[in-house]
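The values are calculated or read from the model by the stated rules, or taken from the named source; none is laboratory data. Computed from a predicted model, the values in this text were never measured in an experiment. Ideal geometry is used to build each Cβ from the backbone, glycine not excepted, and the neighbour counts take in all protein chains shown. Calculation scope for accessible area: heavy atoms of the full protein, side chains included, ligands and nucleic acids excluded. Shrake-Rupley method; radii C 1.70, N 1.55, O 1.52, S 1.80 Å.
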Amino acid sequence: MKTGNSMLSALPTTIFTVMSALAVQHEAINLGQGFPDTEGPEDIVRAAAAALLDQRNQYPPLTGLPELRAAVAAVNRRFYGLAVDPATEVVVTSGATEALAASLAALIDPGDEVVLIEPLYDTYLPTIRLLGGIPRLVRLHEPDWSLDRAELAAAFGPRTKAILLNSPMNPTGKVFTQEELGCIADLLVQHDAYAVCDEVYEHLVFAPARHVPLMTLPGMRERCLRIGSAGKSFSLTGWKVGYVTAPAPLAAIVARAHQNLTFTTPPNLQRAVALGLSRDAAYFEALSTSLAARRDLLSAGLGRIGFAVLPCSGSYFVIADFRPLGFDGDAIAFCRHITEHARVAAIPVPAFYDRGNGPQHLVRFAFCKREAVLNEAIDRLAALFGSN
């Protein structure tokens, strides 16, 4: 029989699935996948539950309920000074992953080139390749995750259609600086290109770092598609409610892609997210402060054990170098070792590079867990590596 899609058929089982299954097998603490182990705000959850009973469970508007689109526009103005028309410049999607797919589909024709920065979220490359796009990869340089301006500029060319920018960044926790964003903006103007901005961790940024959307820079308003996520902002990752903010001509094309991907998103969740986005700044500040404390707790514990912990200014994740521990093996072997022998699961950082071709001495830990869980994970790793 004829085979299915060759690119998708060739994709291996994701390392997240592999490590999560191994964690279950060994009853390990799962610091691999990035999801909180507590529920989001009770009032938002109750609003979603109540909305199931309000007799409005049929198809909502394609681009999202008016109250959620208005809430997204209001948040853009409140936090970033962006004036956004909720009727024509916001599209609600079934999660940020769909928002990424719809935004890329709105821009890419077969043969178009897309600049990406490694390490990167694992759906970026398959989505671009499915659309017929050609990835042009640029690497950040560890341990400080610096961006080489010359290497970035060399990735742009006459066929460049867009850059896919993730800030705050998974897996590194990097928050791109104003200077780095300015360099990107200059290249976009020079090459008449767009930016798909994955900003799902926008409210998970740790002082003194500050998140600056590329869209706010001069000349970028008409070139950027900005993606947000209720799952990350409200610790409700299973809800899968995302939103795209884009100039009206691009938002209209994103809406057409969304129509042919999922068409719409559950209306009760949309109403609840609209309520969540109306929360005052204190909620978002408390969220980032709480996560920063847990980042510090895990980073300090890993440091005491002997890991070299890399800088992290945002997101759910911290990356650590295990070479000082004397382990003789690559990142995958190390993650299997600590899952089996310490009962703590992590993710090998090479999984965030094309074809796994990344630094073999780095692993990613998620710190979006309760403090007691993080302390137990530290104790287990310390016992394995003979540290107090």
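With a 1.4 Å probe and all protein chains kept in place, how much accessible area does Ser278 have, in Å² rounded to the nearest 10?
Per-residue accessible area (Ser278): approximately 80 Å².
So how much slack lies between Ala333 and Gln58, counting 0.36 nm per residue of separation and subtracting their Cα-Cα distance, in nm?
Taking Ala333 through Gln58 to full extension adds about 94.1 nm, to one decimal.
Which loop-located trypsin sites (Lys or Arg not before Pro) does segment 25-81 contain, where loop means any DSSP state but H, G, I, E or B and the Cβ has at most 16 other Cβ atoms within 10 Å?
Arg56
Counting only DSSP beta bridges with both residues in the chain, tell me the antiparallel percent, nearest 5.
Here the share of antiparallel DSSP bridges comes out near 50 percent.
Please sort by residue number the trypsin sites (Lys or Arg not before Pro) in segment 201-245 whose DSSP state is loop and whose Cβ has at most 13 other Cβ atoms within 10 Å.
Arg210
Rank these by accessible area, largest first, 1.4 Å probe: Tyr283, Tyr201, Tyr121.
Sorted by accessible area, descending: Tyr121, Tyr283, Tyr201.
With every protein chain left in place and a probe of 1.4 Å, what is the accessible surface of Thr289, to the nearest 10 Å²?
So the heavy atoms of Thr289 present about 90 Å² to solvent.
Within the set of other residues whose C-beta is less than 12 Å from the C-beta of Glu39, count the net charge using Lys and Arg as +1 and Asp and Glu as -1.
That sum, taken over residues with Cβ under 12 Å, equals -1.
Quick check: with the 1.4 Å probe, what order do His341, His258, His361 take by accessible area, largest first?
Per-residue accessible area, sorted high to low, gives His341, His361, His258.
As a test question: what accessible area, to the nearest 10 Å², does Trp239 have when a 1.4 Å probe is rolled over all protein chains in place?
50
Compute the FRET efficiency between Ala248 and Arg77 as 1/(1 + (r/R0)^6), taking r as their Cβ-Cβ distance and R0 = 22 Å, and round to the nearest 0.05.
It comes to 0.85.
So for the chain, if I pair up every lysine 8 or more residues apart or on another chain, how many of those pairs have alpha-carbons under 29 Å apart?
Here the count comes out as 9.
Convert each backbone phi in segment 76-92 into a coupling constant with the Karplus relation 6.51 cos²θ - 1.76 cosθ + 1.60 (shift: θ = phi - 60°), then list the ³J(HN,Hα) values in order as whole Hz, x for Gly and Pro.
In residue order, the calculated couplings are 4, 6, 5, 8, 10, x, 8, 8, 10, 7, x, 7, 10, 10, 10, 10, 8 Hz.
First compute the accessible area of the chain with a 1.4 Å probe, then give the percent of it belonging to carbon and sulfur atoms.
In the chain, the share of accessible area belonging to carbon and sulfur is 54 percent.
With +1 on each Lys and Arg Cβ and -1 on each Asp and Glu Cβ, how big is the dipole of the chain about its Cα centre, in debye rounded to the nearest 20?
Here the size comes out at about 460 debye.
Spelling out what I want: for every residue of segment 108-124, take phi, set θ = phi - 60°, compute 6.51 cos²θ - 1.76 cosθ + 1.60 (Karplus), and round to whole Hz; glycine and proline get x.
8, 9, x, x, 5, 9, 10, 7, 10, 10, 8, x, 9, 4, 6, 8, 4
Determine the calculated [θ] at 222 nm for the chain from helices alone, applying -39500 (n - 2.57) to every DSSP H run no shorter than 4 residues and normalising by the residue count; nearest 500 deg cm²/dmol.
-12500 deg cm²/dmol, from helical runs alone.
How high is the relative contact order of segment 209-252, in percent, counting Cα pairs under 8 Å that sit 6 or more residues apart?
Rounded, it is 32 percent for segment 209-252.
What does the charge count near Leu65 come to, summing +1 for each Lys or Arg and -1 for each Asp or Glu among other residues with Cβ under 13 Å from its Cβ?
Charge balance in the 13 Å sphere: +1.
If R0 is 30 Å, what FRET efficiency do you get for Glu42 and Ala87 from their C-beta distance, rounded to 0.05?
In this case the efficiency is close to 0.45.
Hey, rough spin-label estimate for Ala153 and Ser278, points 7 angstrom out along Cα→Cβ, what's it come to in nanometres?
4.9
Below 12 angstrom from the Cβ of Ala331, what's the summed charge of the other residues (Lys, Arg +1; Asp, Glu -1)?
+1
Need one number: % antiparallel among DSSP beta bridges in segment 111-225, to the nearest 5.
So the antiparallel bridges amount to about 5 percent of the total.
Could you give the accessible area per residue of the chain, probe 1.4 Å, as a whole number in Å²?
For the chain, the per-residue accessible area is 41 Å².
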